[in-house]
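Read the structure below first, then the notes.
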Amino acid sequence: MENFERLMGRRDLAPYLTPEQFEFRESVNRALAQHATPDYLRRHDEEKLFPRELVDLLGKQGWFAVTLPEEYGGVGGYMDMIGMLEVMGYHSSTLARYWNINVNMVGGALVQLAPPAIKQKLLPLLSEGKTFFSFALSENGSGSDAASLKTTAVRDGDDFIVNGTKMWITGAVQANHVLLACRTDKGEGKHEGISLLLVPNPTPGMQVRPIDLLGGHMVRSCEINFVDARVPAAQLIGDLHRGWTQLMGVLAKERIALAAIVVGAAQSALDLALGYAKERKQFGRSIASFQTISHRLVELQTQIDCARLLAYRGASLLASGQKCNVESAQAKFLAGDTYMKVALEGLQVMGANGYSMEYAMQRHFREAKVFQILGGTGEILRNIVAREMVG
Ligand SMILES: Cc1cc2nc3c(=O)[nH]c(=O)nc-3n(C[C@H](O)[C@H](O)[C@H](O)COP(=O)(O)OP(=O)(O)OC[C@H]3O[C@@H](n4cnc5c(N)ncnc54)[C@H](O)[C@@H]3O)c2cc1C
């Protein structure tokens with residue numbers, strides 16, 4: 001923690017964050033250091049308990065309102081969010097991921113695309129942390145190739161009838177609404193004929209089943225099965241059949257936010273290994289004094305610093321309305337690979353204690369892997385950069 005406090009005022013972020021944004025990060029850090037304690041996180045992870053107290057805390061502090069427009073109770077902009085997510089990721093990448101889905105992804109999509117009545121009803125509740133969302137794009141047969149989704153919504157009078165199965169949907173158990181990507185028309189190609197529906201949860205004909213995963217147990221990922229589920233046509237978000245194009249804006253914002261979360265989480269894992277290496281004595285000296293250990297820690301910190309700068313570079317491009325597909329892909333895959341490496345090597349630095357369930361390194365080890373998969377796998381993100389570089 002001492003190390004992180006030194007990193008809070010990082011000079012390298014001065015081009016990206018204002019003094020007020022640095023202060024904001026400090027207050028997020030103080031609150032989470034107090035409430036998201038190692039014991040709390042370990043118990044909630046082990047017992048697969050939703051972190052209700054932490055979510056309530058974010059709501060009370062007004063942090064679900066960050067990036068939402070002022071008229072709906074919102075405060076702060078995109079860079080406030082990035083600074084906040086890095087700090088939140090330091091304390092819990094799972095909590096930060098949950099925030100990101102609710103506010104940045106679904107909240108952001110509603111701000112851009114929803115009819116006024118839906119915005120007026122739901123966004124003020126979201127800003128207070130009183131209503132929750134999930135985002136349902138992936139299916140069993142369509143992961144990286146998300147546009148090949150098969151869930152259908154067929155118009156029937158004033159409703160759509162939804163059939164199909166979504167997979168891995170984060171936070172669906174708690175969600176009051178699920179933003180569903182579904183096929184409303186055959187279209188010419190797979191990218192056409194997709195629409196977005198905001199499905200109330202529960203809805204008759206809709207069933208949510210949590211799936212057991214390797215990590216991130218505080219917020220369960222779920223299968224959602226729809227059998228003739230009737231959803232009012234008034235819940236259509238954005239233009240009919242044009243959902244894919246409209247989704248692209250949402251996904252670009254997700255990647256940079258994930259990169260910031262992951263950089264924070266990687267720093268947290270490194271700080272744990274560093275603190276341990278300084279304390280742990282073997283052969284009459286601290287293991288940090290062995291060059292093989294200290295050089296390893298130095299290299300990991302350097303890689304985290306690179307990933308952090310890429311995340312803030314992408315965020316500032318996005319915040320200023322510039323295109324940043326390539327930069328956000330680079331930031332996300334470097335951050336994901338860095339976190340995985342820090343967790344792997346940090347665990348080695350901690351020896352048997354790293355492998356023990358009594359230290360947080362095992363949780364980092366389990367949670368790091370997912371960031372090489374969700375929000376675009378490392379391979380898909382490299383494909384995006386390669387298309388620009390080599391055509
Ligand atoms: C914990 C968790 C939470 C999630 N939350 C959500 C959520 O809330 N909502 C949601 O919609 N989805 C969610 N997902 C799903 C996630 O977005 C997908 O897992 C991801 O898009 C990858 O799809 P896939 O797992 O089906 O892998 P696949 O697409 O089957 O890929 C398998 C492997 O093949 C590689 N591959 C595939 N195509 C190519 C290619 N063209 N070139 C090179 N390599 C390729 C991939 O990189 C990967 O290594 C979540 C997943 C996890 C694990």
Checking the range 163-218 for trypsin sites (Lys or Arg not before Pro) in a loop per DSSP with at most 13 other beta-carbon atoms within 10 Å yields 186
At 0.36 nm per residue, minus the direct Cα-Cα distance, what do residue 191 and residue 385 gain on full extension? Give it in nm, one decimal, please.
67.8 nm
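Taking a 32 Å limit on the Cα-Cα distance, which of the listed pairs 281/332; 186/323; 150/323; 190/332; 48/341; 186/369 fall beyond it?
281/332; 186/369
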The correct pair for the range 277-391, radius of gyration to one decimal and Dmax as a whole number, both in Å and from Cα atoms, is 17.3, 57
Cβ-defined net charge surrounding residue 327, 12 Å radius [Lys, Arg +1; Asp, Glu -1]:
+3
Classify the chain from the C-alpha gyration tensor, please: rounded if a/c falls under 1.5, else prolate or oblate depending on whether a/b exceeds b/c.
prolate
Segment residue 320-residue 299, length gained on full extension (0.36 nm per residue, minus Cα span)
4.4 nm
Which value in deg cm²/dmol, rounded to the nearest 500, describes the helix-derived mean residue ellipticity at 222 nm for the chain, given -39,500 (n - 2.57) per DSSP H run of n ≥ 4 and division by the residue count?
-16500 deg cm²/dmol
Give me the lysines in straight-line cross-link reach of residue 130: C-alpha distance below 16 Å, same-chain residues under 8 apart excluded.
60, 119, 121
Whole-Å distance linking the alpha carbon centroid of the range 254-298 with that of the range 190-235 is 39 Å
Please quote Rg/Rh for the range 136-214 to two decimal places, taking the Kirkwood radius as Rh and restricting both calculations to Cα atoms.
0.96
Pick out which of 269, 229, 260 has the largest mean-square fluctuation in a Gaussian network model of the chain, springs linking Cα atoms closer than 10 Å.
229
Note, residue 128: beta-carbon cut-off 12 Å, +1 each Lys/Arg, -1 each Asp/Glu, net +1
For the range 11-131, what log10 I(q)/I(0) values come out of the Debye formula at q = 0.15 1/Å, with one point per alpha carbon and no solvent?
-0.68
Which FRET efficiency value, to the nearest 0.05, do you get for residue 291 and residue 213 by plugging their Cβ-Cβ distance into 1/(1 + (r/R0)^6) with R0 = 30 Å?
0.20
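Read-outs: derived from the displayed coordinates by stated rules, not from any lab. Treat the numbers as computed from the prediction; the structure is a model and nothing was measured. Cβ coordinates were reconstructed from backbone atoms using ideal geometry, including for glycine residues, and neighbour counts include every protein chain displayed.
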